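Encoded as structure tokens, here's the structure I'll be asking about.
The values are calculated or read from the model by the stated rules, or taken from the named source; none is laboratory data. Here the structure is a predicted model, which means the values were calculated and not measured. Because the Cβ atoms are built from the backbone with ideal geometry, glycine has one as well, and the counts that use them run over all protein chains shown. Calculation scope for accessible area: heavy atoms of the full protein, side chains included, ligands and nucleic acids excluded. Shrake-Rupley method; radii C 1.70, N 1.55, O 1.52, S 1.80 Å.
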Amino acid sequence: MRSIWNGAISFGLVSIPIKLVNATESHSISFRQVHTEDNGRIRYRKFCELEDREVTQSEIGKGYEEADGTIVPITDEDLSHLPIPTARTIEIVAFVPADRIDPLQMDAAYYLAASGAPAAKPYTLLREALKRSNKVAIAKYALRGRERLGMLRVVGDAIAMHGLLWPDEVRAPEGVAPDADVRVRDKELDLADALMDTLGEVDLEDLHDEYREALEEVVAAKAAGETPPETPEPAKGGKVLDLMAALEKSVRAAKESRGEDAEPAETEEAQVTTLPSKKSASGARKTAAKRPTAKKAATAKKAATAKKAATAKTAKQATATKSTGKKTPAKKATAKKTAASRKRSA
């Protein structure tokens, strides 16, 4: 690996010659700007605004612009005489537990390679001391025209250095959290815990850049004169109106993706419902106003049935009386009175 900086680690009175090597690399696909009519490359040229002519790289220097627009020239010689001890040195200033470092401060990562045979022994000494102490080293160094903060830690058999932002470069999370007073129920927390347990851990080696892979397929197809493959559109998530239902559904989906049985959660059942539109809601209200309620309909039906039954009973009794020819008590009394009257007349 090609080194980008040569210097030394200052560990008390011990000096360890090292080379700085990039620990990461980018696999991003970059594009060139082209003229859309003929695919000609777009070039940028550097012009001097006072002379109105193109200048070469050897004619370009540095300058600091003040508030009134005045340019103060700064030469490489001015920068080489900066009064800082870390110009070519990674100066260790402290050793602290790793959890004292806020991940928000972490920047670029480098490997520190021992430079030459004389550096092997002190390099190994520092590495083993870091291992045994379970701490990381905090250091200051200068790179690309500015002094920086770094963290040294052991990675395998090597010493790595993470560039750190200065504490005043990390912004406080003001105005980020919700302003509203939100209360989370225990059942919601239980479901969130269940989802976390179901998702479990992951081997970072199994994760890959799917967008870059799809982009590479598009570029390869275009280069071969073929039609680029169509990628399926991501599923559109509906509006979640019930947090419990969303959590339950997430737990089931996570279990199914891992081949586990999606058992129902031991919490009260919740459903995700879609709110009707204003037009649908008003139409539903009008229809409901026209239709009788279920209670009124049941009462009307019951009364009609009772009336029908009473009518049928009366008709049945009348038919029975006519068919048997029996006289009612009232008719019997009338017949007796008539017979008595006939006897007196005789």
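With a probe of 1.4 Å, find how much accessible area the range 122-179 has per residue, and write the answer as a whole number in Å².
Dividing the accessible area of the range 122-179 by its residue count gives 60 Å².
Please pull out the direction-averaged projected area of the range 91-186, using the convex hull of its alpha-carbon atoms, in nm² to one decimal place.
9.9 nm²
Round to a whole number: what % of the accessible area of the range 60-129 belongs to carbon and sulfur, probe 1.4 Å?
58 percent
For a protection proxy built on the mean count of beta-carbon atoms within 10 angstrom, sort 60-72, 6-18, 114-126 highest first, please.
6-18, 114-126, 60-72
Report the gain in length on full extension from Asp197 to Ser133: 0.36 nm times residue separation, minus Cα-Cα distance, nm rounded to one decimal.
Net length gain for the segment: 19.8 nm.
Please work out how much length the chain gains when fully extended from Val219 to Ser58, using 0.36 nm per residue of separation minus the C-alpha to C-alpha distance, in nm with one decimal.
Difference between extended and current length: 54.3 nm.
I would also like to ask the following. If you take the square roots of the eigenvalues of the alpha-carbon gyration tensor of the range 156-203 and sort them as a ≥ b ≥ c, do you get rounded (a/c under 1.5), prolate (a/b over b/c) or oblate?
Judged from the Cα gyration tensor, the range 156-203 comes out oblate (a/c at least 1.5, b/c at or above a/b).
Round to the nearest 0.05 the FRET efficiency obtained for Ala158 and Gln33 when R0 = 35 Å and r is the Cβ-Cβ distance.
Step by step, r from the Cβ atoms, then E = 0.35.
Moving on to the next point. Which stretch or stretches of the range 160-179 have amide N atoms under 12 Å from the point lying 7 Å from Ile84's Cα along the Cα→Cβ direction?
166
For the range 133-263, evaluate the Debye formula with one uniform point scatterer on each Cα (no solvent term) and list log10 I(q)/I(0) at q = 0.12, 0.15 Å⁻¹, rounded to two decimals.
For the range 133-263, the Cα-only Debye profile gives -1.04, -1.09.
What share of Cα pairs, in percent, lie more than 14 angstrom apart in the range 123-171?
55 percent
Could I have the simple spin-label model distance between Ala67 and Val176, label points 7 Å from Cα toward Cβ, reported in nm to one decimal?
Using points 7 Å along Cα→Cβ, the separation is 3.1 nm.
Per the 1.4 Å probe, what fraction of the accessible area of the range 161-233, in percent, lies on carbon and sulfur atoms?
Carbon-and-sulfur percentage of accessible area, whole number: 52.
So if R0 is 56 Å, what FRET efficiency would Thr75 and Ala245 give, r being the distance between their Cβ atoms, rounded to the nearest 0.05?
0.25
If amide hydrogens are placed 1.01 Å from N in the peptide plane, which non-local residues have theirs closer than 5 Å to the one on Ser115?
Result for Ser115 returns Ile18, Lys19.
Skipping prolines and chain starts, which residues have an amide H placed within reach, meaning under 5 Å, of the one on Ala23, given they are 5 or more residues away or on another chain?
Sorted by chain and number, the residues that satisfy this are Ala109, Tyr110, Tyr111.
Still on this structure, please answer the following. Search the structure for amide H atoms under 5 Å from the amide H of Leu165, placed 1.01 Å from N in the peptide plane, and list their residues when 5 or more places away or on another chain.
Met106, Asp107
Could you give each residue of the range 6-20 its phi-based ³J(HN,Hα) in whole Hz, using Karplus coefficients 6.51, -1.76, 1.60 with θ = phi - 60°, and x for Gly or Pro?
Computed from phi, the couplings for the range 6-20 are 10, x, 8, 8, 9, 10, x, 8, 8, 10, 10, x, 9, 10, 9 Hz.
Still on this structure, please answer the following. Express in % the proportion of alpha carbon pairs of the range 43-98 at distances exceeding 13 Å.
That fraction is 77 percent.
Which trypsin sites (Lys or Arg not before Pro) in the range 139-185 sit in a loop by DSSP (not H, G, I, E or B) and have at most 16 other Cβ atoms within 10 Å of their own Cβ?
Taking the range 139-185 and a limit of 16 other Cβ atoms within 10 Å, the loop trypsin sites (Lys or Arg not before Pro) found are Arg144, Arg171, Arg183, Arg185.
May I ask for the net charge around Leu149, where only other residues with Cβ less than 15 Å from the Cβ of Leu149 are counted and Lys, Arg are +1 while Asp, Glu are -1?
With Lys, Arg at +1 and Asp, Glu at -1, the net is 0.
What is the diffusion coefficient of the range 1-138 in µm²/s, taking the Kirkwood radius over Cα pairs and the Stokes-Einstein relation at 25 °C with a viscosity of 0.890 mPa s?
So the translational diffusion coefficient is about 122 µm²/s.
Decide, for the range 10-62, between rounded, prolate and oblate: order the square roots of the alpha carbon gyration tensor eigenvalues as a ≥ b ≥ c, take rounded if a/c falls under 1.5, and otherwise choose prolate if a/b is larger than b/c, else oblate.
It is oblate, given that a/c is not under 1.5 and a/b is not larger than b/c.
Still on this model: Taking a probe of 1.4 Å, how large is the accessible area per residue of the range 1-105, in Å²?
Per residue, the range 1-105 has an accessible area of 84 Å².
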